[in-house]
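What follows is one structure encoded as structure tokens, with my remarks underneath.
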């Protein structure tokens, strides 16, 4: 079996090959950092698992019991009512689905939810709330604040529903309060919506008045423009436009006649009667004669009618023949009239030959005057037409806007009369099921609290406990090599060891002695043998087990065939003389003052294992241990023995160990598990380093078996392995025989 800690528990031992009595290079001089790893977490869980399980069971059972009592004597019930939110309508006069965009509808729902939980709504519902026993209980305080705290209004996601609910002990009270608030919310929403409609109607009435005023002004302007001239009285815009067109045509004709008159004035003297028949005047008479135009139009119309009849009837049909007769008569009338006009026009032209010059001059003068008059009249008419058109457009726009406003006003009045922004979808009924407490909530809460407190207390105890409990604490917190550990005697169930200091004599074949053999092996591999001849064993505080480590380690080294001397250097509380009464009373102090041969003061406990008592207690222990005589005796001890082990005093109490550690090859630091803290071990390490001490490592004494640890399994394995059948004739290891004084 192996008691050497695993790699995870023990750091790598640094071998030191420097000169004796010197501090190793780069030795730590301060406290090392502390880190909590996942393995530490699992270790704490294993060690404190019963505490965690107890906390878990207690809180779980407490939550179950509290839930039962709560449900039996003071349960809470929840009453709820549902309100449906109707999207606002845009109009009542046409089909409107009332569907709004999701973002707008969500904002509307939140607005209704916030306005539903308001002081104004609660005041509306206060008439019915006053009749409840709940009101009597809270009437001495702030009722409104109580309603704000106990009534909850929320939006049901992805729906158009608002939920109003209240939790309390009285089913009847909470039901009545929720229903009263629901009715108040509906009434308040309708009131606010109606007030908004009234404001909109008032704005429309004002706008109607403004538009009607503009319309009256436009009508007056139209009457004024139309009454400007007789010809324009009661004429519409199209009549004025036609008149302007006729004036333009007349002006064109006058200008053309004027040009023709000028040309005629030049050529009239040279024309004959035959030529006069072809004059433009004659042709103009033909062109502008109304009767001739009438005959021509009639003839043309009859021809079109005849063509249509031919497509509809046969050629010999009476309708076709009748139309052909009428067409012939119309053409004869047209030709006779045309001939008459030509003859009359030639006669007029001939009569005009004698007065051509005076007539032309008079005609030119009149045409120029008429041209100026027509131009002025046309300009005035164009301006009047523009103003009239503008006034008529303004009137038409006013008529359209008035019609729209009147329709919208009627629409708003209809909406106000029939709109319901909020409707009670489902009134609150007296609840039948307890809402609080619930096992599905309380039990998980109890479980979580149990685990929380269990883990919390476990880790709180872990962090509050700064003592060295395991080899891993040495590695993480002290940063020193781990030589080995010695189990606590209470955990060694198979052995009856009364005194650990002489366990190598009373119980040599036990797991405790095996632990010291492991320490011996680790020490031998921590450095060269010539650097381990003189060893000081010390500890921070008294009763850490220095003497036990010295004697048992000395026995383990002696068992390997090396000669070992264990010297009691504790002049404050010497112990070896008490353990071995046969040992000479004189000892180390005697030989340091040169009052005897030290070889006569050595007592042989077993072969290769010798001890020397402290001797009489000197008045100056530290000065004596640091004297030249001590150095001289140390050289003599190391020449005679392979290893010299000093059992010193606690170095954090007195300075004896620090003085002696400066002259030996190295020091073994003993720490008692569960007693020494990592802080005091660090201070001890720093103090020894300051005097140049080489620390071989730490021996952890009194290690307890803990839940989740590996020591219990190692102990069981050791005892099972020791009880295996041995070969016939094989002798078990025996205890050495004392020589001197026996």
Could you compute the FRET efficiency for residue 400 and residue 200, with r as their C-beta to C-beta distance and R0 at 22 Å, rounded to 0.05?
-> 0.60
In what order do 546, 432 fall by count of nearby beta-carbon atoms within 10 Å, going from fewest to most?
-> 432, 546
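Considering only DSSP beta bridges with both partners in segment 468-722, what is the antiparallel share in %, to the nearest 5?
Around 10 percent antiparallel, to the nearest 5.
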With the 8 Å Cα cutoff and a minimum separation of six or more residues, segment 468-722 has a relative contact order in percent of 30
When you have a sec, figure out the Kirkwood radius of segment 468-722 from all distinct Cα pair distances and drop it here in Å to one decimal?
-> 18.3
For the peptides 550-560, 502-512, 445-455, what is the packing order when you average, over each peptide's residues, the other Cβ atoms within 10 Å and list the highest mean first?
-> 550-560, 502-512, 445-455
One point scatterer per Cα, no solvent, Debye formula: log10 I(q)/I(0) for segment 445-545 at q = 0.10, 0.12 Å⁻¹ comes out as -0.47, -0.63
Using 1/(1 + (r/R0)^6) with R0 = 25 angstrom and r between the beta carbons of residue 426 and residue 120, what's the FRET efficiency to the nearest 0.05?
-> 0.55
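Bear in mind these aren't lab numbers, they're just calculated from the coordinates by the rules spelled out. Here the structure is a predicted model, which means the values were calculated and not measured. In this analysis, Cβ positions are derived from the backbone assuming ideal geometry, glycine residues included, and neighbour counts consider all displayed protein chains.
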